[in-house]
Amino acid sequence: MSTRPQGDWWRFVPPEQRRRRRFKAWRLRFRERLRQRWVGLALAFLAYGLVLLWLVLHLPPVVSLLALAPMILLPLLGYLTYWLLWKEFHE
């Protein structure tokens with residue numbers, strides 16, 4: 001994907017304004033990309049992973065295991081809840 005703005009109208013923008021307007025267009029595209037749900041989830045997992053990595057490297061393993069527990073147990077709890085609700089309504 002090209003990072004440069006697309007379209008023929010850029011040649012009509014005065015040269016002294018092109019850099020500012022291209023930056024503004026890039027910033028707007030970047031903001032819209034950050035508003036996508038999967039990007040937010042990926043950033044949350046990345047932040048949690050970085051915190052976990054810091055804990056693993058600087059603290060005892062027991063504390064790191066406690067920090068890792070929600071990341072492992074919450075998806076399992078969600079799946080269990082889904083399965084129980086499905087079973088309740090389909091049987």
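Derivation of every value follows stated rules applied to the coordinates shown; laboratory data play no part. The structure presented is a predicted model; accordingly, all values stated were derived computationally and were not measured. Because the Cβ atoms are built from the backbone with ideal geometry, glycine has one as well, and the counts that use them run over all protein chains shown.
As a summary of the residue check, residue 35 satisfies the conditions (1) surrounded by 10 or more Cβ atoms within 10 Å (Cβ to Cβ); (2) within 21 Å of the chain's Cα centre (by Cα) except for the one numbered (1). Taking first residues from the stretch 19-37 that are closer than 17 Å to residue 8 by Cα and partners that are of a type in the set (S, T, N, Q), the Cβ contacts under 9 Å between residues at least 6 apart in sequence or on separate chains come to 26/3. Do we have any residue at all in the stretch 44-54 that's of a type outside the set (Gly, Ala, Ser) and more than 30 Å from residue 67 (Cβ to Cβ)? For the stretch 44-54, residues of a type outside the set (Gly, Ala, Ser) and more than 30 Å from residue 67 (Cβ to Cβ): absent. Counting only residues that are surrounded by 10 or more Cβ atoms within 10 Å (Cβ to Cβ) and of a type in the set (Phe, Trp, Tyr), which one in the stretch 56-91 is farthest from residue 42 (Cα to Cα)? The residue in question is 86.
Evaluate the following for residue 84: is it of a type outside the set (Asp, Glu) and touching a residue at least 12 places away in the same chain (Cβ under 8 Å)? No, not satisfied.
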